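Okay, structure first, notes after.
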Amino acid sequence: MKGLYMLLFSALAFTTQAQNKFNLLIGTYTNTCPSKGIYVYEFNAASGEFKFKNSSEGVISPSYLSVSADNKFIYAVNENGDQSAVSAFGYNAKSGKVTFLNTNKALGADPCHLINDDKNVIVANYSGGNIVVFKKKADGSITEVQQLIQHEGKGPKAARQEKAHVHMVMFSPDKKFVLSNDLGLDKVFIYKYNPNSKNEMLTLKGSVDVKPGSGPRHLTFSKDGKFVYLIQELDATLTTFSYDKNGSLKKIAETNILAKDFKGGTGAAAIKISPDGKFLYVTDRVDANNITVYKILKNGAIELVEQQSTLGKGPRDFAIDPTGNYLLVGHQYTNNIVIFKRDKTTGKLTDTGKRIELCSPVGLVFTK
């Protein structure tokens, strides 16, 4: 009987240990310092320890990544001006090996965000001001662009809003719609999603305007799907919308992530919600270089918890591990990822002192 208990205990310990280990995928810029492109680290969500597993070879600026639902493929934008592309890779989670499959032109300069499902890869081209859709092939590779949607117009801030600048694409929780933020037009577009269509995967349902000159960048859905939180890059506005299953957004609140006494440049960046849905995190760059923590109330309202330095320059993206124990911030300009411990009860962050030193990290994704 003692042996049986020991066997069960060992199995439980192994299962717990396995559940605490995840792969951290990191997309980087390759034009500012030596980088191989995509990096894979093993991350222990119980201890905050990490170790290098593998990397791609010679991939040009795969800044943002999207992993397939079956964890077998990685899709990356290749952010390279007019020569920009989108690439597909095979991915072995156990070894961390990343195998190049193919690449196709983005048909728009500087792709900056992408999503995928079992049929399509959908990409936001920032400088191109458009959205493009690639079909997936059976082997995980991608076709040439099958649909291109061009946004037109401009905003009041001539330096940054001289034309359309599509900054993000995001599935609604039920995958019936795709939302897209346009920094140049101060709009969030809602597209009906038709995954099986040959060349009309996205059809416009409508759009909502946000504050002129605010520059919508990234958004995230509440865990129950009833609310959307949008961060605006140019003036640090944080907007809360209600969302219904018909794909309609309605603005219900607006605040600003800047401290009252703050003076200097702002460039709000990433916005994420903790795995338990209780806390909202937002990073800001340029002179701010901080992260703001909000508690999410039952009615979707947010309540400020704290704001603190990310301890680096250019916190372009961050990721919370699936257990919610740690929050990792990638710094584009100080070339590292700072690992913070998360208090699951308060949402507050504490520096662990641990750093992943890496050239120009931009996009962070956890996988199994």
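The values are calculated or read from the model by the stated rules, or taken from the named source; none is laboratory data. Since this is a predicted model, take the numbers as computed values, not measurements. Here Cβ is always computed from backbone atoms with ideal geometry, including for glycine, and neighbour counts include all displayed protein chains. The area values use the complete protein model at the heavy-atom level, side chains included, leaving out ligands, DNA and RNA. Shrake-Rupley method; radii C 1.70, N 1.55, O 1.52, S 1.80 Å.
Brief remarks on what is shown
- Residues of segment 303-343 satisfying the condition of being among the basic types (Lys, Arg), over 24 Å from LEU219 (Cβ atoms) and touching a Gly at 6+ places or on another chain (Cβ under 9 Å): LYS341
- Taking segment 17-110 and the strands (runs of 3 or more DSSP E) fully enclosed by it, the elements with 3 or more residues that are open to solvent by 50 Å² or more (accessible area, probe 1.4 Å) and out of contact with any Lys or Arg (no Cβ under 7 Å at 6 or more places or on another chain) are at 50-55, 97-105.
- Scoring ILE115 on the criteria (1) under 19 Å from the mean Cα position of the chain (by Cα); (2) in contact (Cβ under 8 Å) with a residue 60 or more places away in the chain; (3) buried (at least 22 other Cβ atoms within 10 Å of the Cβ) leaves a single failure, condition (3).
- Of all residues making up segment 191-201, the number that are in a strand (DSSP E or B) and open to solvent by 20 Å² or more (accessible area, probe 1.4 Å): 1
- Residue selected from segment 275-323 under the condition small (Gly, Ala, Ser) and either open to solvent by 10 Å² or more (accessible area, probe 1.4 Å) or within 16 Å of the chain's Cα centre (by Cα) (or both), by the criterion farthest from LEU238 (Cα to Cα): GLY312
- Some residue of segment 131-144 being closer than 29 Å to LYS211 by Cβ and crowded, with 19+ Cβ neighbours inside 10 Å: yes
- Restricting segment 333-364 to residues that are in contact (Cβ under 8 Å) with a residue 60 or more places away in the chain, of a type outside the set (D, E, K, R) and open to solvent by 20 Å² or more (accessible area, probe 1.4 Å), the residue that is farthest from ASN20 (Cα to Cα): ASN335
- Checking LEU204 against (1) assigned to a strand (DSSP E or B); (2) open to solvent by 10 Å² or more (accessible area, probe 1.4 Å); (3) hydrophobic (A, V, I, L, M, F, W, C); (4) closer than 28 Å to GLY265 by Cβ, the condition it does not meet: (4)
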